[in-house]
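One structure is given here, and the rest of the page talks about it.
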Amino acid sequence: MTGLLYVPERVRGETPGVLFVYGHARPAKAYPLYQKVCIDLVRNDFVVLAIDPIGQGERLQYWNPRREIIR
């Protein structure tokens, strides 16, 4: 699974976390607005794990009907 882990500079003890699953933008974690949201969360002392859903970002897949495979 591909993704980014955003960690505040000063983590002290237990820290709240967010699993950020991107919406409808094909670039997923590379989409500037999503990156801004994650950075804003980190600035407010959240650890953020932002993953690429299947079919987006580095997990983009295409169906090849001739070979009947996904690439």
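Here are the numbers:
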item	result
Failed condition for G55, given (1) modelled with pLDDT under 95; (2) more than 10 Å from G3 (Cα to Cα); (3) within 11 Å of the chain's Cα centre (by Cα); (4) not aromatic (F, W, Y)	(3)
Residue, modelled with the highest pLDDT, within the range 25-48, restricted to residues that are aliphatic (A, V, I, L, M) and over 12 Å from P8 (Cα atoms)	V37
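The values are calculated or read from the model by the stated rules, or taken from the named source; none is laboratory data. Small disclaimer: the values here were computed from a predicted structure and weren't measured.
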